[in-house]
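Worksheet: one structure, shown below.
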Amino acid sequence: MARSAVVIDPEYLKHDPGEFHPERPERLKVLLDLAAELGSKSFQLLPPRAALREEIESCHTADYIELVRATSKTNRYALDGDTVTCRDSFGVGLLAVGGFLRLLDAIAAGEARNGFALVRPPGHHALRDRAMGFCLFNTVAIGAHHVRRHYGAERVLIMDWDVHHGNGTQDAFYQDRSVLYLSTHQYPYYPGSGAAEEVGEGGGAGYTVNVPLPAGCGDEEYLRVFSEIVVPTAEKFAPDWILVSAGFDPHRRDPLGGMNVTESGFGAMAAMLIALAEKHAGGKIAFLLEGGYDLAALKNSVVSVLERMKGESMADGLGSHGGEAIEPLIRRVLRIQEQYW
Ligand SMILES: [Zn+2]
């Protein structure tokens, strides 16, 4: 069987949003040696490529792409209050998207059984015509367009477990039933969207599932949500591809998020998604790094997911013990969604 793939490259360190910015190059620096540490028997390292303009255009306007390109002429440019670029940012942005697409190509070709794109900057807040929340281009959304266009995918599941709601990804497919967007996030919190009542529109109604969690949720609550909402909904959708916006800012040590997830919790969530991919999608699952701002927590959590990727991917027994406090929220989300599923 093909090995799992990891995309990572020192080029990703060159996007520098400025001193004291949480989305800093060190986030990737601590991950650079992981593939080697974990051993080439299990993992292959894939070099990224730059995304083509037409690939970025599947999700962003030409004017917006031009605006980001123009930032490479100045040392510092603030696209929004917290999305700041340097001269290399546009190039690194293209490489972040292209790195993920390279991974998807390898999985589609059977060269990789699954994989993790460890890239930056993150992408899930980026809107069609606007940068937002550290994000330049919406990598996971461009990835979903890519597997539809090139590999005939008809049902793409995007699971987003970043602590922030992926408003840009939700927007990209709000009226589109070929992409199921499932998000667990702290709520109310940045960016403000992601209420349970946001379910999609028109033909896409029911194909956005938001689970707005109160601050303080840990492994038990997340695994309960996965067991009772994520897995059952995904089973009915029967995805032919699974893309994961894997942000590690729900980790208990994260300075931005207010959640209590541990690295084992992320591993268990990953295992459940890998099992879903093996059942429905021929194993085709690609993880994409979004947030995660405590360096040790980030590294340990990525290792935990990578270990699940190479393993037998059995969902373990962490199951739905505890976390009863969010049972009313789970019932409410299921009630809102029941007319669609
Ligand atoms: Zn985040």
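The values are calculated or read from the model by the stated rules, or taken from the named source; none is laboratory data. Computed from a prediction, not measured in an experiment: that's the story for all the values here. Every residue, glycine as well, gets a Cβ built from its backbone with ideal geometry; the counts of neighbours run over all protein chains shown. Note: areas computed on protein heavy atoms with side chains; ligands, DNA, RNA excluded. Shrake-Rupley method; radii C 1.70, N 1.55, O 1.52, S 1.80 Å.
Tell me which residues, restricted to segment 68-104, are of a type in the set (A, V, I, L, M) and either open to solvent by 30 Å² or more (accessible area, probe 1.4 Å) or closer than 23 Å to L243 by Cα (or both).
In the first step, residues of segment 68-104 are kept if they are of a type in the set (A, V, I, L, M); the result is 68, 70, 78-79, 84, 92, 94-97, 101, 103-104.
Selection gives A70, A78, L79, V92, L94, L95, A96, V97, L101, L103, L104.
Could you check segment 226-250 and list, in sequence order, the residues that are within 11 Å of the ligand (Cβ to nearest atom) and part of a strand (DSSP E or B)? Show your work before the answer.
From segment 226-250, those within 11 Å of the ligand (Cβ to nearest atom) are 245-250; that's our starting set.
Scanning segment 226-250 gives S245, A246.
Just one of (1) away from the ligand (no atom under 16 Å from the Cβ); (2) touching a residue at least 60 places away in the same chain (Cβ under 8 Å); (3) at negative phi; (4) open to solvent by 10 Å² or more (accessible area, probe 1.4 Å) trips up G258, so point out which.
For G258, the failing item is (1).
Regarding A286, is this residue within 16 Å of the ligand (Cβ to nearest atom), modelled with pLDDT of 95 or more and buried (at least 24 other Cβ atoms within 10 Å of the Cβ)?
On the way: within 16 Å of the ligand (Cβ to nearest atom): no; modelled with pLDDT of 95 or more: yes; buried (at least 24 other Cβ atoms within 10 Å of the Cβ): yes.
So A286 does not fit the description; no.
Checking the conditions here, which among A234, A277, A281 is modelled with pLDDT of 95 or more, in contact with a helix residue (DSSP H, G or I) (Cβ under 6 Å, 6 or more places away or on another chain) and farther than 24 Å from Y190 by Cβ? First the steps, then the outcome.
Working: A277 fails: in contact with a helix residue (DSSP H, G or I) (Cβ under 6 Å, 6 or more places away or on another chain); A281 fails: in contact with a helix residue (DSSP H, G or I) (Cβ under 6 Å, 6 or more places away or on another chain).
Just one listed residue meets the conditions, A234.
Take the residues in segment 218-241 that are in contact with a Lys or Arg (Cβ under 9 Å, 6 or more places away or on another chain) and crowded, with 24+ Cβ neighbours inside 10 Å; name whichever of them is nearest to I326 (Cα to Cα).
Among those that are in contact with a Lys or Arg (Cβ under 9 Å, 6 or more places away or on another chain) and crowded, with 24+ Cβ neighbours inside 10 Å, it is P239.
Failed condition for L38, given (1) more than 12 Å from A96 (Cβ to Cβ); (2) open to solvent by 50 Å² or more (accessible area, probe 1.4 Å), with all others met?
Condition (2) is where L38 drops out.
Among the residues of segment 56-67, what is the count of those that are crowded, with 17+ Cβ neighbours inside 10 Å and over 14 Å from L136 (Cβ atoms)?
So in segment 56-67, the residues crowded, with 17+ Cβ neighbours inside 10 Å come out as 56, 58-60, 64-65, 67.
Restricting the remaining residues to those that are over 14 Å from L136 (Cβ atoms) gives 58.
Residues flagged as crowded, with 17+ Cβ neighbours inside 10 Å and over 14 Å from L136 (Cβ atoms) within segment 56-67 amount to 1.
Any idea which of V163, V140 is within 14 Å of the ligand (Cβ to nearest atom) and either at pLDDT below 95 or assigned to a helix (DSSP H, G or I) (or both)?
Values: V163 fails: either at pLDDT below 95 or assigned to a helix (DSSP H, G or I) (or both).
From the options V163, V140, the qualifying one is V140.
Go through G257, G218, G194 for me and flag whichever is out of contact with any Cys (no Cβ under 8 Å at 6 or more places or on another chain) and closer than 27 Å to E154 by Cα.
Numbers: G257 fails: closer than 27 Å to E154 by Cα; G218 fails: closer than 27 Å to E154 by Cα.
Exactly one residue qualifies, and that residue is G194.
Considering each residue of segment 164-214, count those that are of a type in the set (S, T, N, Q), surrounded by fewer than 21 Cβ atoms within 10 Å (Cβ to Cβ) and under 19 Å from P232 (Cα atoms), and give that number.
Of the residues in segment 164-214, 1 are of a type in the set (S, T, N, Q), surrounded by fewer than 21 Cβ atoms within 10 Å (Cβ to Cβ) and under 19 Å from P232 (Cα atoms).
If I ask for residues that are open to solvent by 30 Å² or more (accessible area, probe 1.4 Å) and among the small types (G, A, S), which ones from segment 289-307 would you list?
A296
Name the residues in segment 1-22 that are assigned to a loop (DSSP other than H, G, I, E, B) and touching a residue at least 60 places away in the same chain (Cβ under 8 Å), would you? Let's see the steps before the verdict.
To start, the set of residues in segment 1-22 that are assigned to a loop (DSSP other than H, G, I, E, B) comprises 1-3, 8-9, 15-22.
The answer is M1, A2, R3, I8, D9, H15, D16, P17, G18, H21, P22.
Of all residues in segment 173-190, which are more than 12 Å from the ligand (Cβ to nearest atom) and in contact with a Phe, Trp or Tyr (Cβ under 6 Å, 6 or more places away or on another chain)?
Step one: of segment 173-190, the residues more than 12 Å from the ligand (Cβ to nearest atom) are 173-182, 187-188.
Hits for segment 173-190 are F173, R177, V179, L180, Y181.
Hey, among D82, D129, D105, which residue is away from the ligand (no atom under 16 Å from the Cβ), closer than 25 Å to H21 by Cα and of a type in the set (D, E, K, R)? Break it down stepwise before answering.
Numbers: D82 fails: away from the ligand (no atom under 16 Å from the Cβ); D105 fails: closer than 25 Å to H21 by Cα.
Result: D129 is the single residue among D82, D129, D105 that is away from the ligand (no atom under 16 Å from the Cβ), closer than 25 Å to H21 by Cα and of a type in the set (D, E, K, R).
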